[in-house]
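Accompanying notes for the structure given below.
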Amino acid sequence: METTIDITKTWYSFKEGNSEAFASLYNHFYPQIFEYGIRKGYSNENISNAIQDLFLHLWETRKKLPIPEKPLFYLFRSFSNHLINIQNSKQGKINYVNEEIFLLKYDATSEMDNLFKDEQNIQIKKVIQELNELPAKQKEFIFLKYFAELEYDEIAELMNITTRAVYKLNYRALDSLKEKLSTNKENLLALFILMKTLYKF
């Protein structure tokens, strides 16, 4: 059974040395960080090790840490920086499953039949198919904006591009999907919400 936690309150408790609060943050954010790592093309082993190292570092430096306004962005950025540091170190080695392509593949399974009406099933499956065909940077943008719900400037920092370039990715990705799916922006965003519910990100 899924549980909801008060992130800010839990983070305060974690900073004060509460190990249960620390465990709650770890359990809450681990799946999201892991999924981001998978879609970036890192191997399972690298992702697991990096997340464990990251949270160990957070625990050891907890008294000096800020209370982040956007914890998920804060952790995504810390996770990415940690992997970059490993890669840049003399002994560091990062194993990629796929170094070039941002993986945004969702399996259209029979679970949908129990959750949505037939027409919605068809629409979502079409969206999934077209998402898989987008260029890598557009897929990464879609994931960070509409599934992780990050802001444009946060996405720009994670992707190491300008905010203006992020807006361009948005226009191009949505225009491409609208054209291929013969739909409008409002319907497309509504389908993203349904997909996010389905995949529990």
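What follows draws every value from the coordinates through simple rules; no lab data is involved. Note that the coordinates shown come from a computational prediction; the quantities given were computed from them, not determined experimentally. When we count neighbours, we look across all protein chains shown, and the Cβ atoms used for this are built from the backbone with ideal geometry, even at glycine.
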Unit charges at the beta carbon, dipole of segment 7-88: most positive-side option, Asn18, Ile51, Asn81: Asn81
Taking a crude spin-label model, label points 7 Å out from Cα along the C-beta direction, the Ala165 to Asn44 distance in nm is 3.3
Under the 0.36 nm per residue contour assumption, what length would be gained going from the current alpha-carbon distance of Ala23 and Thr197 to full extension? 60.2 nm
List, in order, the whole-Hz ³J(HN,Hα) value for each residue of segment 190-196 obtained from phi through the Karplus relation with A = 6.51, B = -1.76, C = 1.60 and θ = phi - 60°; use x for Gly and Pro. 5, 5, 4, 5, 5, 5, 4
